[in-house]
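The values are calculated or read from the model by the stated rules, or taken from the named source; none is laboratory data. The model shown is predicted, which means the values in this text are computed figures rather than measured ones. All Cβ positions, glycine included, derive from the backbone under ideal geometry; neighbour counts span all protein chains shown.
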Amino acid sequence: MVEKSWLNSYDSVVAHEISAVTEPLHSFIALSAAVYGNKTALKQGDFCLNYREFDRYTSVIAGNLRINGLERQNRVAVFLPNCAETVLSFWSIIKAGAIGVMTNPLYSENELSHQLNDSGARFVITNDLLLPRVAAVLDMTRVERVFVVKASDNDTSLPADNAKIVPWQRLTEENHGYVCTDIDPCQDIALLQYTGGTTGISRGCMLTHANLYANARQCQQVFHVLKPEQEVFVGVLPYFHIYGLTVTMILPVVLGGAMLPLPRFTPRALLNMIQNEKITCMASAPSIFSACLSQKDIDSFDLSSLKLIISGSAPLPVAQMELFENKTGAKITEGYGLSETSPVTHFNPIIKNRKAGSIGLPVPSTEARIVDVEYGVKELGIGQHGEIVIRGPQVMKGYYQQPGQTELSLRDGWLYTGDIGFRDEEGYFFVTDRKKDLIISGGYNIYPREVEEVLFKHPSVKEAVVVGARHATRGEVPRAFVVPVEGQTIDRNELIDFCRKNMANYKVPRDIKFRETLPKSSIGKILRRALRDELNQSSPSID
């Protein structure tokens, strides 16, 4: 028997609420302010707000966003690392009735420009360290205002010749406060969550208030060991990632828990925060576990406050799971999700019946099937490999301004994930391959075609293909195979530097192998799998 507490007999009232959301996402704040008003909501250094203050603070920022011209369902890009202002920005945007566009602070100017233009963002919230990248692309976008948080210790002033750029304090000036009540939870978008694609097209997943609300409630049921007003969440996963956003920025508000952002991850910074702040819940990724376990003095840290560790983004080796559980006493549960599903769809039971290597069971109010890869219409039986398809209240409305891609991915309410797997006789799901050739490196998603497009921009590159190579700590890293233009030679380091100037550093290939030809099928398709197998056989694990 599996745990019935969330799989079969979860609270019927919450089950109905998950299936038929009638409240906007920000109603969680009002509820927590009323019930947990004096409990800590947000803390970073000396900055600390209880839930009553958090409710007021976000209403004030929402009001100032509206005063500055923001209208209902306008888009606001948040281009910040994990910090208190990121949390405040997201929830204030939601209260204003606008749409959040959480943007990776590692993005290059090209990547940033694309996301700002594709989303049609009117406002950007960033900091003074990241401002040069925003300023460099500002004239190529429709952005009307850039609100700048002071993050550096340097005595820097904002450009006086650009009226679009104003200090963050403009948003914190006292006003009556504002909360948008004209929201249709099932239709109005709360978040444009960008995810790449194998075609190199970056897609904005339209996640409604109802999608995010439902998934937060689903997480509450699955992570039933977490108790209201007792939990302290560390924000170590990026807030711009849907996994970090839902589990460490929305779920805490549902539970009246404390949110503690970790602006820059290092193993020691995380271990110190767990020890000093008595962290009880941590959403993590295998690369984070590995980095912490590599600390020789890890046993000198008191990690006993940890109650639950939620692992996602890539499979967690069983040995690491057991070792970390032994060192902390916490329970570790693994699961699965996508940007398109807000993100959680599957999780392993926490207390018993956990299956190593499995993504677990569908979360409450969620259906999952395995269908044939070719046409996606025939449901397959136990143990048969096919594409995983999912239906539930957390499934996105569609891809922003991409009806064709939406039609391909959403069929009769079912989301076609592109991931290959199977279901066992007890209903547990397993992912065995990635139809989209996604590379997951240290918790970051890297789409090979996106890197290949940059390589193709180099005038001496004729053909290029990028595959994931196993890595001892990051899970995978991108490696490239390149065919130069006839008669030309390319310096490996020069090509890597070229990539570094045009994309985020984590996407840059760790190594480039030059070839005269690439293996291809009879119809001219590059045999990516053959290159991946060759790479991993010749170099089993890169350090």
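Summary of computed values
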{"quantity": "Residues satisfying the stated conditions in the stretch 326-352, i.e. hydroxyl-bearing (S, T, Y) and in a strand (DSSP E or B)", "calculated": "T333, Y336, T345"}
{"quantity": "The one condition in (1) touching a strand residue (DSSP E or B) at 6+ places or on another chain (Cβ under 8 Å); (2) at pLDDT 95 or above; (3) not assigned by TED's automatic domain parsing to the domain that holds Y51 that R217 fails to fulfil", "calculated": "(1)"}
{"quantity": "The stretch 133-159: number of residues that are among the charged types (D, E, K, R) and under 24 Å from the mean Cα position of the chain (by Cα)", "calculated": "1"}
{"quantity": "Hey, I279 over 30 Å from L116 (Cα atoms), in contact (Cβ under 8 Å) with a residue 40 or more places away in the chain and either outside any strand (DSSP E or B) or outside the structural domain of L80 (by TED's automatic domain parsing) (or both) or not", "calculated": "yes"}
{"quantity": "Hey, M206 closer than 30 Å to E452 by Cα and either among the aliphatic types (A, V, I, L, M) or in contact with a His (Cβ under 9 Å, 6 or more places away or on another chain) (or both) or not", "calculated": "yes"}
{"quantity": "Unmet criterion (only one of (1) closer than 17 Å to V149 by Cβ; (2) in contact with a strand residue (DSSP E or B) (Cβ under 7 Å, 6 or more places away or on another chain); (3) buried (at least 24 other Cβ atoms within 10 Å of the Cβ)) for S92", "calculated": "(2)"}
{"quantity": "Condition check for V143: buried (at least 18 other Cβ atoms within 10 Å of the Cβ), in the same structural domain as S113 (by TED's automatic domain parsing) and assigned to a loop (DSSP other than H, G, I, E, B)", "calculated": "yes"}
{"quantity": "Any hit, the stretch 148-158, residues being touching a strand residue (DSSP E or B) at 6+ places or on another chain (Cβ under 7 Å), closer than 23 Å to H241 by Cα, of a type in the set (V, I, T) and free of Cβ contacts under 8 Å to residues at least 40 places away in the same chain", "calculated": "yes"}
{"quantity": "Filter result for the condition that a residue is closer than 21 Å to I440 by Cα, under 23 Å from the mean Cα position of the chain (by Cα) and among the charged types (D, E, K, R), over E367, E387", "calculated": "E387"}
{"quantity": "Per-region count, the stretch 353-370, residues closer than 24 Å to A314 by Cβ and either free of Cβ contacts under 8 Å to residues at least 40 places away in the same chain or in a loop (DSSP other than H, G, I, E, B) (or both)", "calculated": "9"}
{"quantity": "Matching entry among D497, D437, D491, D511 (being surrounded by fewer than 21 Cβ atoms within 10 Å (Cβ to Cβ), acidic (D, E) and within 23 Å of H241 (Cα to Cα))", "calculated": "D437"}
{"quantity": "Qualifying positions in the stretch 403-419 - part of a strand (DSSP E or B) and within 21 Å of the chain's Cα centre (by Cα)", "calculated": "L410, L415, Y416, T417, G418, D419"}
{"quantity": "Residue list for the stretch 222-246, filter: acidic (D, E) and over 22 Å from the mean Cα position of the chain (by Cα)", "calculated": "E229"}
{"quantity": "Checking Y375 against (1) under 24 Å from R75 (Cα atoms); (2) assigned to a loop (DSSP other than H, G, I, E, B), the condition it does not meet", "calculated": "(1)"}
{"quantity": "Strands (runs of 3 or more DSSP E) contained entirely in the stretch 430-520, each with at least 1 residues that are under 28 Å from the mean Cα position of the chain (by Cα) and on the phi > 0 side of the Ramachandran plot", "calculated": "475-484"}
{"quantity": "Neighbours by Cβ (under 6 Å, 6+ apart or cross-chain): first from the stretch 78-100, of a type in the set (G, A, S); second in a helix (DSSP H, G or I)", "calculated": "S92/T58; S92/I61; S92/A62; A96/A62; A96/L65; A96/R66; G100/F90; G100/I93"}
{"quantity": "Options K278, K296, K227: the member that is surrounded by fewer than 19 Cβ atoms within 10 Å (Cβ to Cβ), under 23 Å from N50 (Cβ atoms) and out of contact with any strand residue (DSSP E or B) (no Cβ under 8 Å at 6 or more places or on another chain)", "calculated": "K227"}
{"quantity": "Residue list for the stretch 280-301, restricted to those being farther than 16 Å from G475 by Cβ and out of contact with any Asp or Glu (no Cβ under 9 Å at 6 or more places or on another chain)", "calculated": "M282, A283, Q295, K296, D297, I298, D299, S300, F301"}
{"quantity": "Residue identified as of a type in the set (K, R) and touching a residue at least 60 places away in the same chain (Cβ under 8 Å) among R142, R75, R122, R133", "calculated": "R75"}
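A quick yes/no check of all residues on (1) hydrophobic (A, V, I, L, M, F, W, C); (2) farther than 23 Å from C83 by Cα; (3) assigned by TED's automatic domain parsing to the domain that holds I99; (4) assigned to a strand (DSSP E or B):
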residue	(1), (2), (3), (4)
P132	no, no, yes, no
F147	yes, no, yes, yes
S152	no, no, yes, no
P159	no, yes, yes, no
N162	no, yes, yes, no
V166	yes, no, yes, yes
N175	no, yes, yes, no
